[in-house]
1. Take the Cα radius of gyration of the chain and divide it by 2.2 N^0.38 Å, with N its residue count; two decimals is plenty.
2. Say the dipole of the chain comes from +1 at the beta carbon of Lys and Arg and -1 at that of Asp and Glu; which of Pro79, Thr37, Leu19 then lies farthest toward its positive end?
3. Return the aspartates and glutamates within reach of Lys25: Cα separation strictly under 17 angstrom, same-chain partners fewer than 8 residues apart disregarded; answer none if there are no such residues.
4. Mind checking the angle between helix 65-75 and the chain's longest principal axis? C-alpha axes, 0 to 90 degrees, to the nearest 10.
5. Compute the long axis of helix 25-35 from its Cα atoms, compare it with the longest principal axis of the Cα atoms of the chain, and write down the angle in degrees, 0 to 90, nearest 10.
6. Quote the relative contact order of the chain in percent (integer), defining contacts as alpha-carbon pairs under 8 Å separated by 6+ residues.
7. Please state the charge dipole magnitude for the chain, taken about the Cα centre, from unit charges on C-beta atoms (+1 on K and R, -1 on D and E), reported in debye and rounded to the nearest 20.
Amino acid sequence: MLPFRIRPALFWDVNPDSLDAEVNKHYIIRQVLQYGTLQEFLDVEQYYGQDTIIQQIKKCGYLDPKTKAFVISYYQINPKEMLCCTRKQSHPTHWD
């Protein structure tokens, strides 16, 4: 059970009841950034703190272009420090 309220629909590929806030923080943060509401984002940011979120964002192998632009601007992250900006996809999408 998570210590904050997030719609279970964000975790369509796992059982939301089995998520642990510390063990699964990378997955939770990524899902909320890409698919969550503003309130869900603020709740996650309040729980984890900016430093933890920035650390987890830098480890993401993929973020959609809109989310990537948002986190770079909002957290003032250097794109060269982000794995999703420095690693080339092996199967690039056909549209973007």
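1. The reported ratio for this selection is 1.08.
2. Pro79
3. Asp13, Asp17, Glu40, Asp43, Glu45, Asp51
4. 80 degrees
5. Relative to the chain, helix 25-35 is tipped by roughly 70 degrees.
6. So the answer I get is 23 percent.
7. 400 debye
The numbers here are math on the coordinates, done by the rules we state, and not lab data. From a predicted model like this one, the values you see are computed outputs, not experimental measurements. All Cβ positions, even for glycine, are placed from backbone atoms using ideal geometry, and neighbour counts span all protein chains on display.
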